[in-house]
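Notes follow once the structure below has been shown.
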Amino acid sequence: MLLSPFVLILPEGGKSLSTCPNFRHHLNIDLDEGTCSIDLLEAASAYYALTLVQARGIIREVARATALWRDVAREVGARAAEISRMESAFEHIELQQALAL
């Protein structure tokens with residue numbers, strides 16, 4: 001069983017205890033905004049019961065792991081063309097901002 005702030009994900013055959021059977025899971029950072037930015041992550045930290053210091057620590061930790069994406073892609077056999085296509089998903093200003101926290 002996996003818990004997230006929005007949904008209980010049960011193993012196959014599990015019973016849902018949700019009182020919201022029509023609830024749809026979204027991967028948004030907050031309930032209103034569908035984009036992502038460091039500012040939004042910081043602003044939503046209280047919603048997840050995190051202090052700003054804790055949130056910035058998590059953001060930095062994820063950024064450090066994400067910064068290694070190109071090496072990981074090569075290790076798992078991604079071709080140069082595939083890596084090139086994925087570049088914009090990983091290498092952007094927000095990653096640099098997160099690494100600087």
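The values are calculated or read from the model by the stated rules, or taken from the named source; none is laboratory data. Not measured: the values here are computed from a predicted model. Ideal geometry is used to build each Cβ from the backbone, glycine not excepted, and the neighbour counts take in all protein chains shown.
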Flagged in segment 23-61 as closer than 15 Å to H92 by Cα and either at pLDDT 90 or above or surrounded by 15 or more Cβ atoms within 10 Å (Cβ to Cβ) (or both), in numbering order, are I38, I59, R60
Of the candidates V53, V62, V76, the one satisfying the condition of being among the β-branched types (V, I, T) and in contact (Cβ under 8 Å) with a residue 12 or more places away in the chain is V62
